Amino acid sequence: MESTCVALLKQQLRITWMLAEEVLAGLTQEEALWVPSPDSYTVRQLQGIWVADWAEPEPNPAPPTSIAWVQWHIIWWMSMVINHSFGDAQLQRQDVAWPGTTESLAEINRLRLHWIERLDQLTEAELESADYTHWPYQDDRPFALVAGWVNIELMKNVAEMASLRRSSPLYSGGRFTPNT
């Protein structure tokens, strides 16, 4: 029987994914790469690979971003938490490229489904333990808190993309389709 915690996490993911599909339906590369200001983080092609802007230490306040950068960010942190919790923990930020506008939605969905599959395999005891807590936290917090953070981060990123898309001069209003 599915734990209440896993059921709650999966329900949150379902709702967030419905919003993500609505927000990103019909997104064009031009929209994805639109930046709200000249100092925005985005993705840039280097030798045929889309690389995300990044600075260490992270600027405070963080710069505005493009939708493409937010898509990359989702793919990066979801890949990191899955790899570091359930894989060989070798994945690094630099290993993750932006795959493109349409491909990003497919990749985020693939990661979401993989995450749900992993949640379904966890016992209540594993959710309450720190056995899988390796990224972004390296402490003894229960893995259920990491799983909750995954949901919060995805919801926040979907909201950011919705806001960016609505504020873009390419947004036609009322629907998430480009102004053509």
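Could you give the DSSP H helices of the chain that reach 24 angstrom or more along their long axis (alpha carbon positions) and whose average Kyte-Doolittle hydropathy is no lower than 0.0?
Working: long enough: 4-24 (30 Å, 0.72); 67-86 (28 Å, 0.81); 101-121 (31 Å, -0.70); 143-167 (36 Å, 0.50).
Once both thresholds are applied, what remains is 4-24, 67-86, 143-167.
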| note | In cubic angstrom per residue, the convex hull of the stretch 15-86 built on its Cα atoms measures 146
| In nanometres, what is the gap between the two model label sites at SER129 and GLN47, each 7 Å from Cα along Cα-to-Cβ? | 4.2
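To the nearest 20 debye, what charge dipole does the chain have about its Cα centre, counting +1 at the Cβ of each Lys and Arg and -1 at the Cβ of each Asp and Glu? Walk me through the intermediate numbers first.
Working: 12 positive and 23 negative charges, 132 e Å.
Roughly 640 debye for the chain.
Calculate, in nm to one decimal, what ASN109 and THR4 gain on full extension: separation in residues at 0.36 nm each, minus their alpha carbon distance.
Details: separation 105, 0.36 × 105 = 37.80 nm, distance 2.30 nm.
Going from the current span to full extension adds 35.5 nm.
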| note | The distance between the Cα centres of the stretch 120-167 and the stretch 66-98, in whole Å, is 13
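In what sequence, largest accessible area first, do ARG118, ARG110, ARG141 appear using a 1.4 Å probe? Intermediate results must be reported in sequence, preceding the final value.
Numbers: ARG118 55, ARG110 120, ARG141 75 Å².
Order by accessible area, largest first: ARG110, ARG141, ARG118.
Express the carbon and sulfur contribution to the solvent-accessible surface of the chain as a percent, rounded to the nearest whole number, probe 1.4 angstrom.
Values: 5160 of 9450 Å².
Result for the chain: 55 percent of the exposed heavy-atom area is carbon or sulfur.
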| message | Bin width 10 Å, origin at 0, all Cα-Cα pairs of the stretch 1-57: what percent of pairs per bin? | response | 17, 28, 28, 21, 6, 0
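Using the heavy atoms of the protein chains alone and a 1.4 angstrom probe, what is the accessible area of the chain per residue in square angstrom? Mind showing how you got there, number by number?
Working: 9450 Å² over 180 residues.
Spelled out: the 1.4 Å probe surface of the chain, per residue, equals 53 Å².
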| task | Please list the equivalent ellipsoid semi-axes of the chain, computed as the square roots of five times the alpha-carbon gyration tensor eigenvalues, in descending order and whole angstrom. | result | 30, 19, 14
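Let me have the 222 nm mean residue ellipticity of the chain computed from DSSP H runs of 4+ only, each contributing -39500 (n - 2.57), with the sum over all residues rounded to the nearest 500.
Calculated at 222 nm, the ellipticity per residue is -18000 deg cm²/dmol.
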| remark: Between ALA159 and ASN60, Cβ-based FRET efficiency (R0 25 Å, step 0.05) works out to 0.75
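The values are calculated or read from the model by the stated rules, or taken from the named source; none is laboratory data. Remember, predicted model here, so these are calculated numbers, not experimental data. Counting neighbours? That spans all protein chains shown, and the Cβs are built from the backbone with ideal geometry, glycine included. For the accessible areas, the whole protein counts, side chains as well, though only heavy atoms, and no ligand, DNA or RNA atoms are used. Shrake-Rupley method; radii C 1.70, N 1.55, O 1.52, S 1.80 Å.
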